[in-house]
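See below for the structure under consideration.
The values are calculated or read from the model by the stated rules, or taken from the named source; none is laboratory data. Keep in mind the model is a prediction, meaning the values are calculated, not measured. Glycine gets a Cβ as well: all are built from the backbone with ideal geometry, and neighbour counts include every protein chain shown. The accessibility values were calculated without ligands, DNA or RNA, using every heavy atom of the protein model including side chains. Shrake-Rupley method; radii C 1.70, N 1.55, O 1.52, S 1.80 Å.
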Amino acid sequence: MKELEGIGPLALGRLIQSRAISCVEATRHSLEVIQRREHQCSAFLKVTGEQALTSAQGVQKRLDAGDESLSPLAGVPMVLSDSVCVKGTATTCGSKMLEGFLSPYSSTLWERLQAGGAVLLGKTALDEFALGISGESCAFGPARNPWDTRLASEGGAVAVSCGEAFYAVGSDGFVALRRSAPFCGVSSLRPTYGTVSRYGLVAGTSSLEQAGVVGRTILDCAQVLALIQGRDSRDSTTVDGPMLDWNTSLRGLRIGMPESYLDVELDLDIRQAVLAASKQLETLGASLVPVELPLADDLLPVYYVMACGEISSNLARYDGIRYGYSAKDAGDLMELYRQSRGRALGSRVKEHILLGNLFLSGDGGEDYHQKALQAWELILQGFEDVFTRCDMILSPTAPRTVGEKPGDLLELYRQSIFTAPASLAGLPAVTIPCGLDAKGIPMGFQLTGKPFGEGELIAVGHGYQSATDFHLRIPGEVGE
Amino acid sequence: MKIDAALLERLQDLSRIRLSEQERKDFQAGAALILDEISRLSHLELEEVSGRSSPSRCVNVFREDTVEPSTDQDAILAQAPDREGRYIRVFKTVEQGDEA
Amino acid sequence: MSWEIVAGVEVHVELSTNTKIFCGCANAFGAEPNTLICPVCTGMPGALPVLNRRVVEYALRAGLALDCDIARRTTFDRKNYFYPDLPKAYQISQLHLPICQNGWLEIETPTGSKRIGIRQIHMEEDAGKLIHHPTRPCTLVDYNRCGVPLLEIVSQPDFTAAHEVIAYLKSLREILLFLGVSDCKMQEGSLRVDLNVSVRHKGSGEQGIPTEMKNISSFQAVGRAMVWEGARQIQLLESGEEVLRETRRWDDGKNQGFVLRSKGGAEDYRYLPDPDLPILEITQEQVEQLRSTLPELPRNKRARYQREMGLSPQDARTLTASREVAALFEKTTALCQNPQEAANLIVGDLARLCTETATLPEDLQVDAAKLAALIVMIRSGKINRTVGKEVLEQIFFHDADPAVYVAQKGLAMVDDPALVEAAVRQVVEANPKSVSDYQNGKKKAFGYLVGQVMRSLKGKGDPALVNGILRELLEE
Ligand SMILES: [Mg+2]
Ligand SMILES: [Zn+2]
């Protein structure tokens, strides 16, 4: 159905509600696109087509019965990253460790989407345990950026970019989701920490990660966020999210440009594209102000130490006893642990677990973790101060369109430079495509907002997307 | 900072992970570069700061002491690689457990 | 120079909440294996803990009863270690900011009372249960106990004699029972004791290297373990050897300790703040509010029973051995206004019935109003003590109403002088041998004759009246 290509989830929702198209037809459309494009872009770890059609029929019945609990996005086909637990279905989190694991329960965010009538097409690829910046480390092979299939990408961003799904929800764990979206030419939204429940999101870096949304436009992301945000009694760290009101005028908004970012080595194309975007935002009425990030030089080390520490603790449960991979040939308990974990976890995950244990144990002679916790406190306070000087912070999403090389720890670390602050301080952020580089790969900028400042971020992103068309381009198909 | 063989052994032990020979080499090389970056933290003077554990603004979050009958027990048990009846079976533990 | 044994204890008590500490699974003992489990307490990927409000309340109750400082801010930490009974591979516990600190408990010793310091009380989750396979070399895991709330109560190393440790444990148990926070059943594992022992030269104040003995099965065994371990360490040191920092297991049957594992390189739990649980802030008002609802503790009750009710120390101790018995005593006394009678009844016949039927104090179900009614009937002479025993049994076994029972069975005392005299005359006539024995100076015969009269009155005769009339007739 050609006419569905490029339209957003809300528009499709309206077509479904007006009976211009049925839920099953919409799902068939998506399954056709998947059929056509998966061999090229490998966004999915698992397509659950039969289930999708069954659930589309169910949603149609609810619609026809006038079910009031349905959302405006009822019947719209979508994907979840494979870090999101859905009862009775495979959830691998991109790891061989969880191959064959069927989640015995559903995440809160899926329950909310399901209650609103979402139709799940399948689970998408992500970095193993969401630990990466580009989807590269997925144990079952990474999704491919449809603009250049040599580049790895986060599966949800790819699925939306190719039109396989109308939106994607996943883990903004490290930064792959936020970073991947604009590189695939689509938009992403990471809400304020605690506004979307983490219950049922396979945990990696508990205090840094949040659910995130990918959509073609930032408004698509906002519509989805509205369905999943809000306090959850099963996640003690949740609060109600803000009213998502994006009708704020851009006039008078102060957009901070961090001075420390001027020294970061980055692709020239990206530098120019982000500068051009900043000019565009000025044209729309915003003013640019220089700001200084708190502990600017130490922010990345703090982020990294925290992340490794939490990963080492959160991933200790994968021990071959209750679920997941279990070394059948181990001769005793210690061997079971060491072989199961040694074989089924990927190198990158293992390296971060080892680093985390180094930081936590103090065996290296430095109390890294305690230092990081203290510095974190200062950084959190420091951001309160930053947001008295500006309303949001502008940056590239990443220094390079090319992701890290497998096994390159330092590159992974360095490429987190722009996305780490929002993760570390629990701030909302949006990433928006803003042009193609010399190789024809989309690039993006990021806006990081104050806590509960999603509305303003969406307003600015929407203002920008109303004035530009970078987000409307659909990557061509190989052999087309 | 360098990760020597003894420290690497200790980290594998703490992590309950056996790395392959190649992985050990890669890790020693990669971690050294990372640790150079991280080591700048040791210069921070932070005596007065207590340290946060979450960017969450929540305090005093509770549930009431009311039983919620669980319905997922069998689905949970079904995931276990080795079972005996309703028990999950593991290698003989070295000592009587009960450590709390 | 003589040696001194120094010990401290860590007590883990399971709290008697309805649900586990971080999920809604029932907190119950003895269920079918792996039935009281859910994604949270089995550590499924993505599951998150939510704190049970009552656990905090119970921790605060214990802290206040043990005169602790209550933390204004308290947080949970993860203690990371691998073991099959620990599904997340970390225990959620408290290290940096425990909820209670710096308390104390006073114990009685032969040389007077002694204060034992309580270093801290913290909240944590219990692990699952490991059962060694009966026939094969493997272990079976049951996660029902996983996530049951625990308080860990850590004493200062203030014990220098086994009887002190035993007194402390008894007193601690008594307090926890009175607070209603735990059933403290050692046999079900809801109270577990670890013992740290070191030795030093008496009066030196120095700190010896301690060993830890885990999960000792009874209070008396804790005492024996302390003595044995102290002796072992002294022997080592006197023969020029060193005490090694190790964890040991006490085998009470063999009266001997065994090495479990050596702590050569101290265990590294890589504690980190649990990011899934927000901080707790406790206000002064909350603390005061809770303090005002604390029950009177056994020690205070004992003092009051002696001071205000004139009971003996022995009676006061027996009556405060459990919350249930003390409550029964107080209620009964309030209704019958006769503490000594109530005490006699409960400490005497009722305690005997409990022993005979192996009834635990907490399972005792006796209506105080009925006990009080029984006491009033005895005191007012409505029934005599022999009948009183029978009525008590009826209350104990059948929850009988004393007034109804006495009326139905016609057990009220026979205090009509004419009826009694008739009975006495009959007995005197029927037993000439005993009468002449008595009159010839064999005073024992009198008792026999009283017994015969009582028998003919079916045990209901007024003893004073029977005695008086019989004596009168015999002296004639
Ligand atoms: Mg403990
Ligand atoms: Zn549970």
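With a Förster radius of 25 Å applied to the beta-carbon distance between B:R83 and C:A28, the computed FRET efficiency rounds to 0.65.
Within the listed set B:G51, B:G85, B:G30, the Gaussian network model of chain B (springs between alpha-carbon atoms below 10 Å) gives the highest mean-square fluctuation for B:G85.
Using a probe radius of 1.4 Å on protein heavy atoms only, what is the accessible area buried between chains A and C, both sides summed, to the nearest 100 Å²? Please report the intermediate quantities before stating the final value.
Details: alone 18230 and 23950 Å², together 39520 Å².
Approximately 2700 Å² gets buried when A meets C.
A simple charge model with +1 on the Cβ of Lys and Arg, -1 on the Cβ of Asp and Glu and nothing else charged puts the dipole of the protein assembly as shown at about 1920 debye relative to its Cα centre. Once backbone amide H atoms are built at 1.01 Å from N, A:G212 has A:G170, A:S171, A:D172 as its partners under 5 Å, excluding neighbours fewer than 5 places away on the same chain.
Stretched out fully, how many nm does the piece from A:S69 to A:R389 gain, at 0.36 nm a residue minus the Cα gap? Let's see the in-between values first.
On the way: separation 320, 0.36 × 320 = 115.20 nm, distance 4.18 nm.
Full extension of this stretch gives 111.0 nm more.
Here the gap between C:R471 and C:D363, fully extended at 0.36 nm per residue and compared with their Cα-Cα distance, gives a gain of 34.1 nm. Extending 7 Å from Cα along the Cβ direction at C:T355 and again at C:H133 yields two label points whose distance is 4.8 nm.
Assuming 1.306 mPa s and 10 °C, estimate D for chain A with Stokes-Einstein, Rh taken as the Kirkwood radius over Cα pairs, in µm²/s.
On the way: Rh = 22.2 Å.
The diffusion coefficient I find is 72 µm²/s.
Ligands, DNA and RNA left out, the accessible area of chain C computed with a 1.4 Å probe is 51% carbon and sulfur. Contact residues in the stretch B:11-29 by the 50 Å² criterion (accessible area, 1.4 Å probe, full protein complex versus chain alone): B:L11, B:L14, B:S15, B:R16, B:I17, B:R18, B:E23, B:F27. For the stretch A:87-108, the residues whose amide N sits under 19 Å from a probe point set 7 Å from the Cα of A:S233 along the beta carbon direction are A:105-108. If R0 equals 45 Å, the separation of the Cβ atoms of B:A75 and A:S18 corresponds to a calculated FRET efficiency of about 0.70. Find the all-direction average of the projected area of the Cα convex hull for the protein assembly as shown, expressing the result in square nanometres with one decimal place. In nm², the orientation-averaged hull projection of the protein assembly as shown is 55.4. According to the Cα-based calculation, Rg over Rh for the stretch C:296-409 is 0.96, with Rh computed by the Kirkwood formula.
The phi-based Karplus calculation (6.51 cos²θ - 1.76 cosθ + 1.60; θ = phi - 60°) puts the 3J(HN,Hα) values of the stretch C:184-190 at 6, 8, 4, 5, 9, x, 7 Hz, whole numbers, x for Gly and Pro.
The long axis of helix C:298-309 is offset from the longest Cα principal axis of chain C by roughly 30 degrees.
Ligands, DNA and RNA are left out, and with a 1.4 angstrom probe the accessible area of the stretch C:296-409 is 51 Å² per residue. Taking both sides together, what accessible area is buried at the A/B interface, probe 1.4 Å, expressed in Å² and rounded to the nearest 100? The summed interface area works out to 5400 Å². Within the full protein context, the accessible area of A:D385 is estimated at about 80 Å² for a probe radius of 1.4 Å. Taking the charge dipole of the protein assembly as shown about its Cα centre, with +1 at Lys and Arg Cβ atoms and -1 at Asp and Glu Cβ atoms, the residue from A:T149, C:L353, C:P134 reaching farthest to the positive side is C:L353.
Oblate is the label for the stretch B:17-64. Its Cα gyration tensor axes, ordered a ≥ b ≥ c, give a/c of at least 1.5 and b/c at or above a/b.
For the stretch A:292-301, 3J(HN,Hα) computed residue by residue from phi via the Karplus equation (6.51, -1.76, 1.60; θ = phi - 60°) reads 10, 7, x, 6, 3, 7, 9, 4, 5, x Hz, glycine and proline entered as x. For the stretch A:1-40 versus the stretch C:365-383, the spacing of their alpha-carbon centroids is 83 Å.
Can you figure out the FRET efficiency of A:N247 with B:A32, using R₀ = 35 Å and their beta-carbon distance, to the nearest 0.05?
Taking R0 as 35 Å, the efficiency between A:N247 and B:A32 is 0.10.
Is the shape of chain C best called rounded, prolate or oblate, per the rule: a/c under 1.5 gives rounded, else a/b larger than b/c gives prolate, else oblate, with a ≥ b ≥ c the square roots of the Cα gyration tensor eigenvalues? Note, shape of chain C comes out prolate. Buried accessible surface for the C/B pair, both sides summed and rounded to the nearest 100, is 4500 Å² with a 1.4 Å probe. Sequentially through the stretch C:466-476, phi angles give Karplus couplings (6.51, -1.76, 1.60; θ = phi - 60°) of 4, 4, x, 5, 4, 4, 4, 5, 5, 6, 4 Hz, Gly and Pro residues having no value and appearing as x. The stretch A:415-434 and the stretch C:1-77 have Cα centres spaced 38 Å apart. Does a label point 7 Å from the Cα of C:E285, set along Cα-to-beta-carbon, have any residues of the stretch B:52-88 with amide nitrogen under 17 Å, and which are they? Within reach of a label on C:E285, which here means backbone N under 17 Å from a point 7 Å along Cα→Cβ, the stretch B:52-88 contributes B:60.
Normalised per residue, the accessible area of the stretch A:361-480 is 31 Å², obtained with a 1.4 Å probe and no contribution from ligands, DNA or RNA.
Projecting the Cα atoms of C:V376, A:I270, A:C23 onto the charge dipole of the protein assembly as shown (Cβ charges, centred on the Cα centre) puts C:V376 farthest toward the positive pole.
Entry note, chain C: relative contact order of 13 percent, from Cα contacts under 8 Å with a spacing of 6+ residues. May I ask you to give the percent of accessible area on chain A that is carbon plus sulfur, with a probe radius of 1.4 Å? On chain A, the fraction of accessible area on carbon and sulfur atoms equals 51 percent. Roughly how many Å is it from the Cα centre of the stretch B:71-91 to that of the stretch A:232-264, as a whole number? If you average the Cα positions of each part, the centres end up 44 Å apart. Accessible area per residue for chain B, computed on protein heavy atoms with a 1.4 Å probe, is 53 Å². Using only the Cα atoms of the stretch C:228-340, build the gyration tensor, take square roots of its eigenvalues as a ≥ b ≥ c, and label the shape rounded, prolate or oblate: rounded if a/c is under 1.5, else prolate if a/b is larger than b/c, else oblate. It comes out oblate by the Cα gyration axes. At q = 0.10, 0.13, 0.20 Å⁻¹ the log10 of I(q)/I(0) for the stretch C:357-476 amounts to -0.40, -0.60, -0.99, computed by Debye summation with a single uniform scatterer per C-alpha, solvent ignored.
Amide H contacts of C:W3 (H built 1.01 Å from N, in plane; Pro and chain starts excluded): C:K202 sit under 5 Å, all sequence-distant by 5 or more or on other chains. Each semi-axis of the equivalent ellipsoid for the stretch C:417-474 is √(5λ) with λ an eigenvalue of the Cα gyration tensor; in descending order they amount to 18, 10, 10 Å.
Under Stokes-Einstein, with the Kirkwood radius over Cα pairs as Rh, the value for chain B at 25 °C and 0.890 mPa s is 123 µm²/s. For B:R63, the residues whose modelled amide H falls within less than 5 Å of its own, excluding neighbours fewer than 5 places apart on the same chain, are C:L51, C:N52, C:R53. Charges at C-beta only: +1 for Lys and Arg, -1 for Asp and Glu. How large is the resulting dipole of chain A about its Cα centre, in Debye rounded to 20? Dipole magnitude for chain A comes out near 1000 debye.
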